[in-house]
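Data first, discussion second: the structure below is written as structure tokens.
The values are calculated or read from the model by the stated rules, or taken from the named source; none is laboratory data. Since this is a predicted model, take the numbers as computed values, not measurements. Cβ placement follows ideal geometry from the backbone for every residue including glycine, while neighbour counts extend to all protein chains displayed. Ligands, DNA and RNA are excluded from the accessible area calculation, which covers all protein heavy atoms including side chains. Shrake-Rupley method; radii C 1.70, N 1.55, O 1.52, S 1.80 Å.
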Amino acid sequence: MFNVDDYIVDLLQQQGMITDEQISLAKERLLGEDGTVLEGLYALKVVSEQDVMQLLGAEYGMDTYDFDHAGTKVPPEVIGLVPKDVALRYKMVPVSYSGGMLRVALADPADIESLDSLRYLLKMEIEGVVSTKRQIEQAINFYYGSADGSVSEFLEEMTEATTDLTVDATQDVTMDATADGGGDDAAPLIRLVSLLILEAFRTRASDIHLEPLEKRFRLRYRIDGVLNEVQSPPKYLQNQVISRVKLMAGMDLTEHRVPQDGRIRITAMGRELDLRVSDIPTTHGESIVMRILDKSGVMLGISELGFFEDDQKTIERIINFPDGIFLVTGPTGSGKTTSLYSFLHALNQPTRKIITAEDPVEYELSGINQVQIAADINLTFAAALRAMLRQAPNIIMVGEIRDAETGEIAINAALTGHLVFSTLHTNDAPSAVTRLIDMGIKPFLVASSVRAIMAQRLVRRICKFCVEPHAPTEIEVEKLGISQAQLEQATYVHGRGCTECNKGYKGRLGIYEIFILDASIEHLIYQMVDASVIRRRAMEIGMRTLRQDGMRKAAAGLTSLAEVVRLTVHDEA
């Protein structure tokens, strides 16, 4: 059977755009995952979607259409020329209509039969233009809506008298969040929970919050780090929805008094997703949070994390130190795990042995030995770290240093020739030093082992479709200490809000505070000075604060000044 992705890989190879070694790396990247070699090449940045579009267009003598950079949306009257069921069946999206000719975007330019069928069905002239499979799928969802519908549409169809909703929440435990999850013969409750998850994925939410309040059952999605309330299920469905989620997550349905944790594995729009589920009893019922673990969001290269060139060179130098500890700090949800995984991915070579200890193992990394912490059998971070050292690793990653025992073992590992990565929960980079000492670790051990510390936050990116100039407000100028020269040199922007984004923002990037310890800092650590003294000295020797890095990125038009203020409230102006 013809497979367009395989055909594209063959074409790329014939044109000398990829090598056998890169194909092998792409296959290795996909080890244990569903996906094509082409998707692996995209993930490795060997080729881009634009490269593939241009190649196919040249091969078949067709124009290309890049939905991501089109600049304007397809007019509704053009979309209306192709019915939804036809677009879904033939996986084509109309993009323009002129002089009796309808241009439709498709991912497989060799599919002449579908173009002929479209001409017959629509009774008009059809011209194909080349796009990519991902863009076609996203465009169909955007312009036509998903085949499954939405939570709000489903809730509008429901009434409290709907007898089917009394279905046992324990039936049909297997859930595929594609079209099968919303079939006509599926129980309404099962379909509702499936839609809750699928809609969160469609809107790029990182987690789903199901919260029982006194008189209502609230549903919220966290999108780009900010909670957004959406239309919620009625209060009378609260217990059934929670029971359904608990069952899917493998929790005890009879237990309502103690917190529980579980996981759900589903397929959403052709991609494998893990959901980490937390259940906790509250005054008005059990509150559930489902965190969506999307592998594509964590497997980023260092260049994709949001570093400017100077900071990226600093980071690449740090992660190639032969030994020592590199700490990443920040609150929950600040992107620490993504950064660490990106560093490990960059270091992952056949000549290096890498072991991690994590609680929990959120993502499986090909070629890296990962240990799941299990406190109930005394497999703590400290115990795992001791065992890992007997495995003769080159690089160790400890999910978090939580106590003096773990910290001391990590330091001993660093002092005996290992490169150790870990995290701490502190507001800034210099505070990590005093945090370790407060745990009970001796200052001379901290000074001799810690090589560098990076604090980070995630700010929302300005939407590229509705970006416009923005004059800083008086409050922003005052809080950020923006000088007149900075006002004159930079063009600050914000997003006005559009259908492509969430209130002017789409996606996130990191802002960073990178602190490399030198002899003067080590001397201050020996003296056990306050964190503020270490911070002042760090800035004197070149550390750029989170706020300063955020202002650089706002001046470059990547984020807004309002975001910098919101995420760096603890920083000095």
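Just to be sure, is G497 under 22 Å from the mean Cα position of the chain (by Cα) and part of a loop (DSSP other than H, G, I, E, B)?
Considered against the rule, which asks whether it is under 22 Å from the mean Cα position of the chain (by Cα) and part of a loop (DSSP other than H, G, I, E, B), G497 comes out as yes.
Inside the stretch 367-390, can you point out the residues that are open to solvent by 40 Å² or more (accessible area, probe 1.4 Å) and among the aromatic types (F, W, Y)?
None; the set is empty.
Would you check which residues across the stretch 68-80 are open to solvent by less than 50 Å² (accessible area, probe 1.4 Å) and in contact (Cβ under 8 Å) with a residue 60 or more places away in the chain and list them?
Hits for the stretch 68-80 are D68, V74, I79.
Might you check whether a residue that is of a type outside the set (A, V, I, L, M, F, W, C) and over 30 Å from the mean Cα position of the chain (by Cα) occurs anywhere in the stretch 66-75? Reasoning before the result, please.
Of the stretch 66-75, the ones of a type outside the set (A, V, I, L, M, F, W, C) are 66, 68-69, 71-73, 75.
Imposing the further condition that a residue be over 30 Å from the mean Cα position of the chain (by Cα) reduces the set to 75.
So far as the stretch 66-75 goes, yes, one or more of its residues are of a type outside the set (A, V, I, L, M, F, W, C) and over 30 Å from the mean Cα position of the chain (by Cα).
Looking for something over 24 Å from the mean Cα position of the chain (by Cα), surrounded by fewer than 16 Cβ atoms within 10 Å (Cβ to Cβ) and of a type in the set (A, V, I, L, M, F, W, C) - is there at least one such residue anywhere in the stretch 237-244? So that I can check it myself, show each step before the final result.
The initial filter retains those residues of the stretch 237-244 that are over 24 Å from the mean Cα position of the chain (by Cα), namely 237-244.
Those left that are additionally surrounded by fewer than 16 Cβ atoms within 10 Å (Cβ to Cβ): 239.
With of a type in the set (A, V, I, L, M, F, W, C) added as a condition, the list becomes none.
So far as the stretch 237-244 goes, no, none of its residues is over 24 Å from the mean Cα position of the chain (by Cα), surrounded by fewer than 16 Cβ atoms within 10 Å (Cβ to Cβ) and of a type in the set (A, V, I, L, M, F, W, C).
Mind listing whichever residues of the stretch 501-520 are free of Cβ contacts under 8 Å to residues at least 60 places away in the same chain and of a type outside the set (K, R)?
Residues of the stretch 501-520 that are free of Cβ contacts under 8 Å to residues at least 60 places away in the same chain, as a first pass: 501, 503-504, 518-520.
C501, G504, D518, A519, S520 - these are the residues of the stretch 501-520 that are free of Cβ contacts under 8 Å to residues at least 60 places away in the same chain and of a type outside the set (K, R).
Does the stretch 220-234 contain at least one residue that is among the polar types (S, T, N, Q), under 26 Å from the mean Cα position of the chain (by Cα), modelled with pLDDT of 90 or more and surrounded by 16 or more Cβ atoms within 10 Å (Cβ to Cβ)? Give the steps one after another, and end with the answer.
The first filter runs over the stretch 220-234 and keeps only residues among the polar types (S, T, N, Q), leaving 228, 231-232.
Pick out the ones that are also under 26 Å from the mean Cα position of the chain (by Cα) and you get 228, 231-232.
Still in the running and modelled with pLDDT of 90 or more: 228.
Checking which are surrounded by 16 or more Cβ atoms within 10 Å (Cβ to Cβ) leaves us with none.
No.
Among the residues of the stretch 471-490, write down those that are among the polar types (S, T, N, Q), over 16 Å from R566 (Cβ atoms) and surrounded by 11 or more Cβ atoms within 10 Å (Cβ to Cβ). Can you show your working first?
First, pick out the residues of the stretch 471-490 that are among the polar types (S, T, N, Q): 473, 483-484, 486, 489.
This time we only want the ones that are over 16 Å from R566 (Cβ atoms), so: 483-484, 486, 489.
Matches in the stretch 471-490: Q486 only.
Search the stretch 81-98 for residues being at pLDDT 85 or above and not aliphatic (A, V, I, L, M), and hand back the single one that is surrounded by the fewest Cβ atoms within 10 Å (Cβ to Cβ).
Looking at the filtered set, the residue picked out is S98.
Taking L25 as the residue in question, decide whether it is among the aliphatic types (A, V, I, L, M), open to solvent by 10 Å² or more (accessible area, probe 1.4 Å) and in contact (Cβ under 8 Å) with a residue 24 or more places away in the chain.
For L25, the condition - among the aliphatic types (A, V, I, L, M), open to solvent by 10 Å² or more (accessible area, probe 1.4 Å) and in contact (Cβ under 8 Å) with a residue 24 or more places away in the chain - is not met.
Would you mind stating whether A105 is under 30 Å from the mean Cα position of the chain (by Cα) and outside any loop (DSSP other than H, G, I, E, B)? First the steps, then the outcome.
Details: under 30 Å from the mean Cα position of the chain (by Cα): yes; outside any loop (DSSP other than H, G, I, E, B): yes.
So A105 passes the test.
Between E468, E364, E408, which is assigned to a loop (DSSP other than H, G, I, E, B), among the acidic types (D, E) and either at pLDDT below 95 or open to solvent by 10 Å² or more (accessible area, probe 1.4 Å) (or both)? Break it down stepwise before answering.
Details: E468 fails: assigned to a loop (DSSP other than H, G, I, E, B); E408 fails: assigned to a loop (DSSP other than H, G, I, E, B).
Testing whether each residue is assigned to a loop (DSSP other than H, G, I, E, B), among the acidic types (D, E) and either at pLDDT below 95 or open to solvent by 10 Å² or more (accessible area, probe 1.4 Å) (or both) leaves just E364.
Looking at S431, S449, S422, which one is of a type in the set (G, A, S) and open to solvent by 20 Å² or more (accessible area, probe 1.4 Å)?
Working: S449 fails: open to solvent by 20 Å² or more (accessible area, probe 1.4 Å); S422 fails: open to solvent by 20 Å² or more (accessible area, probe 1.4 Å).
After ruling out the rest, the residue left standing is S431.
What's the number of the only condition in (1) closer than 22 Å to R537 by Cβ; (2) in a helix (DSSP H, G or I) that I441 fails to meet?
Going through the list (1) closer than 22 Å to R537 by Cβ; (2) in a helix (DSSP H, G or I), I441 breaks only (2).
Check the stretch 452-465 and report whether any residue there is assigned to a helix (DSSP H, G or I) and either open to solvent by less than 40 Å² (accessible area, probe 1.4 Å) or of a type in the set (S, T, Y) (or both).
Just the residues of the stretch 452-465 that are assigned to a helix (DSSP H, G or I), to begin with: none.
Taking every residue of the stretch 452-465 in turn, none turns out to be assigned to a helix (DSSP H, G or I) and either open to solvent by less than 40 Å² (accessible area, probe 1.4 Å) or of a type in the set (S, T, Y) (or both).
Output the residues belonging to the stretch 99-114 that are farther than 19 Å from N3 by Cβ and either open to solvent by less than 50 Å² (accessible area, probe 1.4 Å) or in contact with a Ser or Thr (Cβ under 6 Å, 6 or more places away or on another chain) (or both).
The answer is G100, L102, R103, V104, A105.
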